[in-house]
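No lab work stands behind these numbers, since they all come straight from the coordinates. In this text, all values refer to a predicted model and were calculated from it rather than measured experimentally. Note that each Cβ is placed from the backbone with ideal geometry, even for glycine, and that neighbours are counted across all protein chains shown.
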Amino acid sequence: MNVHKLYLVGRATKDAESFESKGGVKFTKFSMAVNEFHGKGKGEKAYFYDVLIFGKSAEKAAESIKKGDAVLADGRPEAE
């Protein structure tokens, strides 16, 4: 059995935007940054992710996620 699951905790880098596909599927899109700390005095590194939300959660996310908000995203990772 193969399972791909990803949990991200970070901050939104811009307000969430709502869209609708040609097929009528509504979705919400936003970007988030996750900081990785390397220890005191060693600095940190930021990773940036694009997040897509579908279904009922998409409408709520579009209304509530604003730039700088702390967010938790869980789902299936996809690479382009």
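For this structure, a couple of remarks:
- Around ALA62: net Lys/Arg minus Asp/Glu count, Cβ-Cβ under 13 Å: 0
- Value of relative contact order over the chain, rounded to a whole percent, pairs C-alpha under 8 Å and six or more apart: 41 percent
- Modelled spin-label separation between ALA70 and MET1, with each label point placed 7 Å from Cα along the Cα-to-Cβ direction: 3.2 nm.
- Total lysine pairs whose alpha carbons fall under 17 Å of each other in the chain (8 or more apart, or interchain): 10
- For the chain, a Gaussian network of Cα nodes joined below 10 Å ranks LYS67, LYS22, LYS56 by mean-square fluctuation, and the top entry is LYS22.
- Where only alpha carbons of segment 19-63 are counted, the Rg and the Dmax (Å): 15.9, 51
- For the chain, the alpha carbon convex hull comes to 130 Å³ per residue, rounded to a whole number.
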